[in-house]
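Trainee: Pasting in a structure now, in structure tokens, and then I'll have a few things to ask.
The values are calculated or read from the model by the stated rules, or taken from the named source; none is laboratory data. Since this is a predicted model, take the numbers as computed values, not measurements. We place every Cβ from the backbone using ideal geometry, glycine too, and count neighbours over all the protein chains shown. With ligands, DNA and RNA removed, areas are computed over all heavy atoms of the protein, side chains included. Shrake-Rupley method; radii C 1.70, N 1.55, O 1.52, S 1.80 Å.
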Amino acid sequence: MFVLVEMVDTVRIPPWQFERKLNDSIAEELNKKLANKVVYNVGLCICLFDITKLEDAYVFPGDGASHTKVHFRYVVFHPFLDEILIGKIKGCSPEGVHVSLGFFDDILIPPESLQQPAKFDEAEQVWVWEYETEEGAHDLYMDTGEEIRFRVVDESFVDTSPTGPSSAEATSSSEELPKKEAPYTLVGSISEPGLGLLSWWTSS
Amino acid sequence: MEVKDANSALLSNYEVFQLLTDLKEQRKESGKNKHNSGQQNLNTITYETLKYISKTPCRHQSPEIVREFLTAMKSHKLTKAEKLQLLNHRPMTAVEIQLMVEESEERLTEEQIEALLHTVTSILPAGPEAEQKKNMDDVTMDEEDPA
């Protein structure tokens, strides 16, 4: 579920950090910039893997800091299509089952991709798999905190960079803040044998 | 910032686990004076990712085990992605193998699936929950004897 991404960036080191080793300062700056952030169409950045190349550092007039072009590799969370992952159920809503991996929260399993037939229990706000055997129907609840195995079927990146001031007239101060969209979401599916709560498939 | 290659290599969970553990050791050694608010994101993501991976079987792997696993896998003719999934999840049942290996009914016979399961469970060490379950099974067996 993790990939290595090669990137190039210019890192600015302020003068008061010149006594430190350049590699350490650059590593710290890159981690400060990218760790726990989503890069559009790339994934959720975890931490720096290594620095492959450091080009010459320049000091520009008017700014005492040094600017260095760095080629580096970063560890990024980006599961490939159809990958199997194990997560915890965060909660259920009419939109589907929300799953979390601890470090990544925006995973949704829509109702069509649940084990069929499934129904939403309004009273307990939980999705239920109505499993039928010869004896009758068993209701298997998808409770919060349960571990769930799912397949990644789709991903979507949303560009959350701020828009310009052109819409300033439309939004007045009395309006609510616009809904925050997750920059990176995964869509999962559990409609195959072996997928779903781990407790459904363990042979006891 | 420019992305030169968004997919230059796949990393196994064990590699990420080792990297994050080393990073944590390094930062602990360098002292607490550098823990300014700028490093909070790195702390959060490192902690959460380490917590997640520690609950998987990858925790007990080592470079030799991974190498041994990959050499053993050569004969089964699986794709890189399939081998990576087997390494990360350590499946114990045929159903899990069918999920991770594409078109497993056509590519693998039942004996091959059994052989694959055997290779996986014998080379890769079990996760913390499996060891706990094993201990619990031993305990319940003792309780059943008097009955």
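Trainee: Look through A:Glu83, A:Glu130 and report the one residue that is farther than 30 Å from A:Val11 by Cβ and surrounded by 14 or more Cβ atoms within 10 Å (Cβ to Cβ).
Mentor: Working: A:Glu130 fails: surrounded by 14 or more Cβ atoms within 10 Å (Cβ to Cβ).
Selected residue: A:Glu83, the only one of A:Glu83, A:Glu130 that is farther than 30 Å from A:Val11 by Cβ and surrounded by 14 or more Cβ atoms within 10 Å (Cβ to Cβ).
Trainee: Identify the single condition in (1) in contact with an Asp or Glu (Cβ under 6 Å, 6 or more places away or on another chain); (2) closer than 23 Å to B:Thr46 by Cβ; (3) assigned by the TED database to the domain that holds A:Glu124 that A:Val99 does not satisfy, given that it satisfies every other one.
Mentor: (1)
Trainee: Just the residues that are within 24 Å of the chain's Cα centre (by Cα) and over 19 Å from A:Gly194 (Cβ atoms), please, taken from region A:120-147.
Mentor: From region A:120-147, those within 24 Å of the chain's Cα centre (by Cα) are A:126-127, A:142-147; that's our starting set.
Listed by number, the residues that qualify are A:Val126, A:Asp143, A:Thr144, A:Gly145.
Trainee: How many residues, within region A:6-52, are more than 28 Å from A:Tyr184 (Cα to Cα) and facing chain B (nearest Cβ under 10 Å)? Give the derivation first.
Mentor: Going through region A:6-52, the residues more than 28 Å from A:Tyr184 (Cα to Cα) turn out to be A:13-25.
Those still in the list that are facing chain B (nearest Cβ under 10 Å) too: A:20, A:24.
Residues in region A:6-52 being more than 28 Å from A:Tyr184 (Cα to Cα) and facing chain B (nearest Cβ under 10 Å): 2 in total.
Trainee: Right, here's the next one. Quick one: B:Ile45 ticks every box in (1) within 15 Å of the chain's Cα centre (by Cα); (2) within 10 Å of chain A (Cβ to nearest Cβ) bar one, so which box is it?
Mentor: It fails just one condition, (1).
Trainee: Restricting to region A:58-98, name every residue that is aliphatic (A, V, I, L, M) and either over 27 Å from A:Ala118 (Cβ atoms) or within 14 Å of another protein chain (Cβ to nearest Cβ) (or both).
Mentor: A:Val59, A:Ala65, A:Val70, A:Val75, A:Val76, A:Leu81, A:Ile84, A:Leu85, A:Ile86
Trainee: Restricting to region B:27-50, count the residues that are modelled with pLDDT of 90 or more and farther than 15 Å from A:Cys47 by Cβ.
Mentor: Summing the residues that are modelled with pLDDT of 90 or more and farther than 15 Å from A:Cys47 by Cβ in region B:27-50 gives 0.
Trainee: Same structure again: Out of B:Gln39, B:Gln18, which single residue is surrounded by 11 or more Cβ atoms within 10 Å (Cβ to Cβ), within 7 Å of chain A (Cβ to nearest Cβ) and polar (S, T, N, Q)?
Mentor: Criteria check complete, one pass: B:Gln39.
Trainee: When region B:113-145 is examined, which residues are found to be modelled with pLDDT of 85 or more and not hydrophobic (A, V, I, L, M, F, W, C)?
Mentor: B:Glu114, B:His118, B:Thr119, B:Thr121, B:Ser122, listed by residue number.
Trainee: Taking the conditions exactly as written (at positive phi and in contact with a His (Cβ under 9 Å, 6 or more places away or on another chain)), does A:Gly43 satisfy them or not?
Mentor: Considered against the rule, which asks whether it is at positive phi and in contact with a His (Cβ under 9 Å, 6 or more places away or on another chain), A:Gly43 comes out as yes.
Trainee: Going by what's in this entry, would A:Val70 be described as assigned by the TED database to the domain that holds A:Phe150, open to solvent by less than 10 Å² (accessible area, probe 1.4 Å) and either among the β-branched types (Val, Ile, Thr) or over 24 Å from A:Leu198 (Cβ atoms) (or both)?
Mentor: So A:Val70 fails the test.
Trainee: What is the residue count in region A:92-119 for residues that are within 26 Å of the chain's Cα centre (by Cα), assigned to a strand (DSSP E or B) and touching a residue at least 12 places away in the same chain (Cβ under 8 Å)?
Mentor: Taking region A:92-119 first, the residues within 26 Å of the chain's Cα centre (by Cα) are A:92-115.
If we keep only those that are assigned to a strand (DSSP E or B) too, we end up with A:92-93, A:96-100, A:107-109.
Narrowing the set further to residues that are touching a residue at least 12 places away in the same chain (Cβ under 8 Å) leaves A:92-93, A:96-97, A:99-100, A:107-109.
Here the count works out to 9.
Trainee: Moving to a separate point now. Before we move on, is A:Ile109 of a type outside the set (S, T, N, Q), on the phi < 0 side of the Ramachandran plot, at the interface with another protein chain (Cβ under 10 Å from one of its Cβ atoms) and surrounded by 15 or more Cβ atoms within 10 Å (Cβ to Cβ)?
Mentor: Spelling it out, it is not the case that A:Ile109 is of a type outside the set (S, T, N, Q), on the phi < 0 side of the Ramachandran plot, at the interface with another protein chain (Cβ under 10 Å from one of its Cβ atoms) and surrounded by 15 or more Cβ atoms within 10 Å (Cβ to Cβ).
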